[in-house]
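No value in this document is a laboratory result; all are computed from the given coordinates. Remember, it's a predicted structure, so these values are computed and weren't measured experimentally. Cβ placement follows ideal geometry from the backbone for every residue including glycine, while neighbour counts extend to all protein chains displayed.
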C-alpha cells in the first residue's frame, strides 16, 4: 500500500490555516465591537432620524414620515446648489492638490531639494489648526485692509479692491484657494514617500536605454506611483467633501448660498433651523457619497492585490 505524502499534508495545511483564521478573528472581535459602538450605532441612528419628522422649532419628535425628508431635499433648489458646489469643490480640489503636490514631491525628492528646511516650510500650512487657517485667510481676503487687495492694487493688477468673499462668482473659488493651500503639504508627504520607494535601478536602466526626463517620469515614475496616487485621490476626495471650517468661519454659506455645501447644509438645517430629520437626511446623503468613494477604492485595489498574491 502506497501513501501519497501530499494527500496527508494538505489537510494538515488547511486545518492550520483555518486555526489561524479563527485565532485572527477572535483577536479582531474586540476591535470590531468598539467600531460597531462608535461607528455603526451612530450611522444607524442617523438613518433612523432621517426617516422621522424631528423639528425642535415646532417640538415635533419621533413622527415617522418615511422618505419625505429625502423628497423635500431633492425638490429643494438650495440642496441642488449645495450638491453642485460639493462636487465642484471635490473635483477641483483633488485635481489641483494632487498635481501640485506631485510637483512639490518631485522637487523635494531631487538632490537639491532634500534640505530639511524645505520640508519644514512645506509643513507650515498643514500644521495650522483649521480655524486658525480660516481666520488667517479671512484677513488676507478682507476687502478694506487685506494683503491680497493691497498687493493687487499696489502692483496695478487690480484697478480697485475686490470683495472676494462677498461676490457669489468669486467666493467659492476664494475658499478653494485657502483649502488647497492647507491640503497640499500632507499629500506631498505621501507622494514623496512613494517616490522614495521607487527602486533606483529602474532610473539607471531608463538612462541606459536613452530615456529623457519626461520619458522617465511617464514610464517609470508614474507607474510606480500608481497606488500612492490613487490613495491620495480617494483620501483627498473624502476630505474635500467633509470641508466645514472655512465655510463656517469665512462665509457661513453665503453670499446667496454660493458657498453652501452638503456638510455645511447639514449643520445649518439641523442646528440653525432646528429640523433634525432633514439635517440627518443631508448628512446621510453625504455619507452615501463618501461610501461610494470607499467602494471605488476597494474595487480599484482589489485586482492589484490579487495579482500580488498570484505572483507570490
For a quick protection proxy, order the peptides 217-230, 22-35 by their average other-Cβ count within 10 Å, most packed first. 217-230, 22-35
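Before rounding to the nearest 500, sum -39500 (n - 2.57) across all DSSP H runs of length at least 4 in the chain and divide by the residue total; then give [θ] at 222 nm in deg cm²/dmol. Don't skip to the answer; put the middle values down first.
Details: 13 runs with 210 residues, N = 312.
-22500 deg cm²/dmol, from helical runs alone.
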Along the principal axes of its C-alpha atoms, what lengths does the chain span, in descending order and rounded to whole Å? 93, 64, 30
Taking R0 as 30 Å and r as the Cβ-Cβ distance between residue 273 and residue 39, the FRET efficiency 1/(1 + (r/R0)^6), rounded to the nearest 0.05, comes to 0.65
Once you place label points 7 Å from the Cα toward the Cβ at residue 32 and residue 163, how far apart are they in nm? 5.7 nm
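How high is the FRET efficiency from residue 218 to residue 81, r the C-beta distance, R0 35 Å, rounded to 0.05?
Numbers: r = 39 Å, r/R0 = 1.13.
Efficiency, rounded to the nearest 0.05: 0.35.
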I'd like the projected area of the range 177-283, averaged over all directions, using the convex hull of its alpha carbons. Report it in nm² with one decimal. 8.9 nm²
